[in-house]
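One structure coming up, written as structure tokens, with questions to follow.
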Amino acid sequence: GVTSYSVDTTTPPSITTLSTTLLSLGSGGTFTINGTGFGASGLTVKFWRNKVVTPTGSTATTITFNVSDIGSSGATTGRIAVTTVNGQDFSTDTLTITP
């Protein structure tokens, strides 16, 4: 039988909400991804079609972007992927990006 076990305490990222699901590039401002597990190293955020956008700020529970950075990346409408060294998660909501 099993004589010992170990528990992995690392938390994979988990997206809970997006600050909006309709993003107008012309309006400017910020866009925020809310969730957990974002504080691990190796944070990468990809918008639809693998467009990587560098966040302007992040904590363990939020990732913030300038809307203009999302527009200049060429990202289009779709889901968002957040990856850290502990794993990956995709948004359940689709982000719709308009000019």
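Out of the residues in the range 50-76 that are among the β-branched types (Val, Ile, Thr) and open to solvent by less than 60 Å² (accessible area, probe 1.4 Å), which is farthest from Thr20 (Cα to Cα)?
If we take residues in the range 50-76 being among the β-branched types (Val, Ile, Thr) and open to solvent by less than 60 Å² (accessible area, probe 1.4 Å), then Val53 is farthest from Thr20 (Cα to Cα).
Being touching a strand residue (DSSP E or B) at 6+ places or on another chain (Cβ under 7 Å) and small (Gly, Ala, Ser) is the filter; apply it to the range 7-40 and report the residue that is farthest from Gly87 (Cα to Cα).
Step by step, filter the range 7-40, then rank; the result is Ser24.
Just checking, does the range 48-61 include any residue being assigned to a strand (DSSP E or B) and in contact (Cβ under 8 Å) with a residue 60 or more places away in the chain?
No, the range 48-61 contains no residue that is assigned to a strand (DSSP E or B) and in contact (Cβ under 8 Å) with a residue 60 or more places away in the chain.
I need the full set of residues from the range 21-43 which are of a type outside the set (Gly, Ala, Ser) and either open to solvent by less than 40 Å² (accessible area, probe 1.4 Å) or free of Cβ contacts under 8 Å to residues at least 40 places away in the same chain (or both), in order please. Working first, answer last.
Going through the range 21-43, the residues of a type outside the set (Gly, Ala, Ser) turn out to be 21-23, 25, 30-34, 36, 38, 43.
Residues satisfying the conditions are Leu23, Thr30, Phe31, Thr32, Ile33, Asn34, Thr36, Phe38.
Looking at the range 1-20 only, could you name the residues that are open to solvent by 40 Å² or more (accessible area, probe 1.4 Å) and under 18 Å from Thr76 (Cα atoms)?
Ser19, Thr20
Counting only residues that are within 19 Å of Ser27 (Cβ to Cβ) and in a strand (DSSP E or B), how many does the range 64-80 have?
So the answer is 3.
The values are calculated or read from the model by the stated rules, or taken from the named source; none is laboratory data. This one's a predicted model, so the numbers in the text were calculated from it and none came from an experiment. Every residue, glycine as well, gets a Cβ built from its backbone with ideal geometry; the counts of neighbours run over all protein chains shown. To get the accessible areas, we keep the full protein, side chains included, count just its heavy atoms, and leave off ligands, DNA and RNA. Shrake-Rupley method; radii C 1.70, N 1.55, O 1.52, S 1.80 Å.
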